[in-house]
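Here the structure is laid out as structure tokens; the discussion comes afterwards.
The values are calculated or read from the model by the stated rules, or taken from the named source; none is laboratory data. Computed from a predicted structure; not experimentally measured. Cβ: placed from backbone, ideal geometry, glycine included. Neighbour counts: every protein chain shown.
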Amino acid sequence: MQGERRQHFRVVPEAGYPIAVDITGDNFLETLEAADISEGGLSIIVKSRFEDCRIDKSVTVVVRIPSPVRHEFAVTARIRHVVGERFGVQFLDLKEASRLKIDAYISHRLRNQSWFMKLKYKLGIA
């Protein structure tokens, strides 16, 4: 993934309001927290390495976006990278309604960001 430009802007959850993620694979089921989220996927903080957690593996994730958006959705995703205590998943079959809720959440988070982060988002370089 190094050297690749991101297609979607990512935001981190607000302190005290985590994005909960249930992830299910062949040999695991875990409830975790997202480190960041975008319309294309999310990065998940893991407590320990899952057995059978490999790059390009398909998983099912249930994502719970907190207030003020408050939206829960399930989506098939693919593990794209594993680095230390985090791994990234790419959404594969995200419904438009959920994409719009993620966009609303990103907009909400950006209202609390610096002008520099807002500029990076508008330019698509974050």
- Query: Would segment 33-44 turn up any residue that is more than 22 Å from ARG99 (Cα to Cα) and surrounded by 15 or more Cβ atoms within 10 Å (Cβ to Cβ)?
  - Reply: no
- Task: Output the residues belonging to segment 12-51 that are in a loop (DSSP other than H, G, I, E, B), of a type in the set (Ser, Thr, Tyr) and modelled with pLDDT of 80 or more.
- Result: TYR17, SER38
- Message: Name the single residue that is surrounded by the fewest Cβ atoms within 10 Å (Cβ to Cβ) among those in segment 80-104 being out of contact with any Phe, Trp or Tyr (no Cβ under 7 Å at 6 or more places or on another chain), without any contact (Cβ under 8 Å) to a residue 40 or more places away in the chain and assigned to a helix (DSSP H, G or I).
- Response: GLU96
- For segment 52-79, name all the residues that are part of a strand (DSSP E or B) and surrounded by fewer than 17 Cβ atoms within 10 Å (Cβ to Cβ). SER58, THR60, VAL62, ARG64, HIS71, GLU72, ALA74, THR76, ARG78
- Message: From the list ARG78, ARG54, ARG64, exactly one residue is among the basic types (Lys, Arg), in contact with an Asp or Glu (Cβ under 7 Å, 6 or more places away or on another chain) and over 19 Å from VAL11 (Cα atoms). Which is it?
- Response: ARG78
